[in-house]
1. Looking at region 143-150, can you tell me whether even one residue there is within 14 Å of the ligand (Cβ to nearest atom), touching a residue at least 24 places away in the same chain (Cβ under 8 Å) and either among the small types (G, A, S) or in contact with a strand residue (DSSP E or B) (Cβ under 9 Å, 6 or more places away or on another chain) (or both)?
2. For G137, which of the numbered conditions (1) outside any loop (DSSP other than H, G, I, E, B); (2) closer than 22 Å to I82 by Cβ fails to hold?
3. Among all residue pairs at least 6 apart or on different chains, which show Cβ distances below 6 Å where the first residue, located in region 155-183, is under 22 Å from T63 (Cβ atoms) and the second is part of a loop (DSSP other than H, G, I, E, B) and away from the ligand (no atom under 11 Å from the Cβ)?
4. Please work out if R4 is within 16 Å of the ligand (Cβ to nearest atom), closer than 24 Å to T142 by Cβ, of a type outside the set (A, V, I, L, M, F, W, C) and not in a strand (DSSP E or B).
5. Out of V84, V9, which single residue is modelled with pLDDT of 95 or more, surrounded by 15 or more Cβ atoms within 10 Å (Cβ to Cβ) and touching a strand residue (DSSP E or B) at 6+ places or on another chain (Cβ under 7 Å)?
6. Hey, could you check region 103-118 for residues that are among the small types (G, A, S) and either in contact with a helix residue (DSSP H, G or I) (Cβ under 6 Å, 6 or more places away or on another chain) or modelled with pLDDT of 95 or more (or both) and say which is nearest to the ligand (Cβ to nearest atom)?
7. Out of region 125-134, which residues are closer than 12 Å to V83 by Cβ and of a type in the set (K, R)?
8. How about region 25-54: which of its residues are surrounded by fewer than 21 Cβ atoms within 10 Å (Cβ to Cβ), within 16 Å of the ligand (Cβ to nearest atom) and not acidic (D, E)?
Amino acid sequence: MTVRPILQVGDPLLRQRSREVSREELASAQVQQLIDDLIDTMRDANGAGIAAPQVGELLRITTIEVNDNPRYPYKPRIPLTIVVNPVIEPLDAGQFEGGQFEGGQFDNLEGCLSVPNMRGLVPRWVSVRVRYLDRDGNEHDTVKRGLTAGTFQHECDHLDGVLFLDRVRDTRSLTTWDNYERFHRDAFVSEISEFVRRVGS
Ligand code: ZN
């Protein structure tokens, strides 16, 4: 098991565009080891996902997994997913049974392993199409919704050097994790749980 140091906001590597991974590279021992390291590092930090640039490797690879996550107990489960060279696009203006979200977006209270002790409200597409390769080079073309769609958008942003901080629309929503627990958790969890019930994942 290899847990790698996670780069923190201010590190210029977090602000660069990562490059595509060729199929040959993806099959290489080095890249397969990097994927194992990302999984170990994500799990060690209780992240819902981690992207290769967060450990200083500028490749378009991210890992995503949500089980019983102490950082995000309200998130629906996501089985371990290795996402290589993702292409992500918003779908259908966020329609769901019985309605539609204004502009197809919802407000997600995000945090990031590269942004210590900070969370903030970020608009995310309710529904996205994601095309990517898994670690074996198999092609996937899938639709993600709700909080799971939000997690995919957050991780794919890292591959373009974008942090959730850049997308916070109202900086007054920023909060430390302690103050989230103290002042914001109950309202956010009840709101987001209703959202998850309506749109699924
Ligand atoms: Zn992040």
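1. If we filter region 143-150 for residues that are within 14 Å of the ligand (Cβ to nearest atom), which is where we start, we get 150.
Filter once more, keeping what is touching a residue at least 24 places away in the same chain (Cβ under 8 Å): 150.
Retained after the next criterion (residues that are either among the small types (G, A, S) or in contact with a strand residue (DSSP E or B) (Cβ under 9 Å, 6 or more places away or on another chain) (or both)): 150.
Looking for residues that are within 14 Å of the ligand (Cβ to nearest atom), touching a residue at least 24 places away in the same chain (Cβ under 8 Å) and either among the small types (G, A, S) or in contact with a strand residue (DSSP E or B) (Cβ under 9 Å, 6 or more places away or on another chain) (or both), one finds at least one in region 143-150, hence yes.
2. (1)
3. Matching pairs, first to second residue: L159/S18; L159/R60; D160/R17; G161/Q16; G161/R17.
4. Values: within 16 Å of the ligand (Cβ to nearest atom): yes; closer than 24 Å to T142 by Cβ: no; of a type outside the set (A, V, I, L, M, F, W, C): yes; not in a strand (DSSP E or B): yes.
Criteria not met by R4.
5. On the way: V9 fails: surrounded by 15 or more Cβ atoms within 10 Å (Cβ to Cβ).
Going through V84, V9 in turn, just one is modelled with pLDDT of 95 or more, surrounded by 15 or more Cβ atoms within 10 Å (Cβ to Cβ) and touching a strand residue (DSSP E or B) at 6+ places or on another chain (Cβ under 7 Å): V84.
6. S114
7. Correct list: R131 only.
8. Answer for region 25-54, where residues must be surrounded by fewer than 21 Cβ atoms within 10 Å (Cβ to Cβ), within 16 Å of the ligand (Cβ to nearest atom) and not acidic (D, E): I39, R43, A45, N46.
The values are calculated or read from the model by the stated rules, or taken from the named source; none is laboratory data. Predicted, not measured: the structure shown is a model, and the values here were computed from it. We place every Cβ from the backbone using ideal geometry, glycine too, and count neighbours over all the protein chains shown.
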